[in-house]
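So the structure is just underneath, and the comments pick up after that.
The values are calculated or read from the model by the stated rules, or taken from the named source; none is laboratory data. Remember, it's a predicted structure, so these values are computed and weren't measured experimentally. A quick note on method: Cβ atoms are made from the backbone with ideal geometry, for glycine too, and the neighbour counts reach across all protein chains shown.
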Amino acid sequence: MATDQPTRAFAVPDPGHSSLGSGVRLALWLAPVGLAALLILGQPDERRPRAAVALAAVAVAWKGLVSGVRVAAQWERGVILRLGNLQGGRGPGIFYVIPVLESVRFLDIRTLVLNIPQQKVITRDNVPASIDSAVFFRVDDASRAITTIQDYRFAIAQYSQAALRDVVGGLSLDELLSERERIQEQVQAAVESQAHQWGISIESIQLQDIELPEDLKRTMSRQASAEREKRATITKADGDRLAAENLALAAATMAANPIALELRTLQTIDGLGASPSNTVVLFPLELSRGLNALLRRTDEPPST
């Protein structure tokens, strides 16, 4: 019987460049064409056909010229290629691309996020684990990101996966669970050394989740429980030892000062008498001392 498995929610990246220049191109084309159409309507009837044909030809040519207008958002840069040769980056704002001769590709220079697929790794002590992580990076040089690597997003994802497996493979399970910050720094350094050549800077790499086999989780839980029980036993034994030492000191003090023992006895009697369920019978202390002295003389052997 199939069981429902929980689904993981991953961030969906932005689809990419949204054309901001379409409205500008439309306005630049319609304004003169519309004005020319109004002027043709004011011409005599015999001139209108030829004027309309001329206007259509001019409108097509003007549309071709206007099609080179591009607009880059504040967070974008446009990389220009002229007949296949790099001409540099442009933007943000409005700029012009020569139709047919030039082409433009827009890149987002904001901090971008890539979800690294779950990686199954084996630690140095041969423990399997599954790790989810994410890469935060930014395009510093749009021209190099286009010309030096085919797909910088895919390349960073693949390089991050390989670096993560290499770093975790050299660590034990305890290091993997306790030194997450160091693992992130090592993976980031490995990826950044290569990504810098592509005009990309790695801001951080975050380990999101570490999954271990269920039997190993149960073993670790029993180990942690035994460790806590051991600490509790040691703590109780230390408390009992300190209590015994303090009681011994208190007994020695009371033995050296009989009046202290009498005061302690009176305190104990006062505490018992506060409860109505207790019945306290007082016995004179002097009589007790006299009886003790009489018993000691009775037990002494007779002198010869």
Taking region 54-94 and keeping only residues that are of a type outside the set (Phe, Trp, Tyr) and touching a Pro at 6+ places or on another chain (Cβ under 8 Å), one is left with GLY64, LEU65, SER67, GLY68, ALA72, ALA73, GLN74, GLU76, ARG77
Unique match (being within 21 Å of LEU20 (Cβ to Cβ) and either touching a strand residue (DSSP E or B) at 6+ places or on another chain (Cβ under 8 Å) or at pLDDT 90 or above (or both)) among ASP141, ASP132, ASP108
ASP108
Identify the residue in region 7-25 that is among the aliphatic types (A, V, I, L, M) and loosely packed, with under 12 Cβ neighbours inside 10 Å and, among all such residues, is modelled with the highest pLDDT.
VAL12
Out of ILE156, ILE146, which single residue is in a helix (DSSP H, G or I) and either at positive phi or over 19 Å from the mean Cα position of the chain (by Cα) (or both)?
ILE146
Only one residue in ILE131, ILE122 is assigned by TED's automatic domain parsing to the domain that holds ILE205 and touching an Asp or Glu at 6+ places or on another chain (Cβ under 8 Å). Which one?
ILE131
Looking at (1) in contact with a Phe, Trp or Tyr (Cβ under 9 Å, 6 or more places away or on another chain); (2) not assigned by TED's automatic domain parsing to the domain that holds GLY34, which is the one condition that is false for ILE116?
(1)
Only residues that are under 30 Å from ALA61 (Cβ atoms), out of contact with any Leu (no Cβ under 8 Å at 6 or more places or on another chain) and in contact (Cβ under 8 Å) with a residue 12 or more places away in the chain: list them for region 90-142, please.
ARG90, GLY91, PRO92, GLY93, ILE94, PHE95, TYR96, VAL97, ILE98, PHE106
Of these, ILE200, ILE149, which one is over 12 Å from ILE116 (Cβ atoms), surrounded by 19 or more Cβ atoms within 10 Å (Cβ to Cβ) and not small (Gly, Ala, Ser)?
ILE200
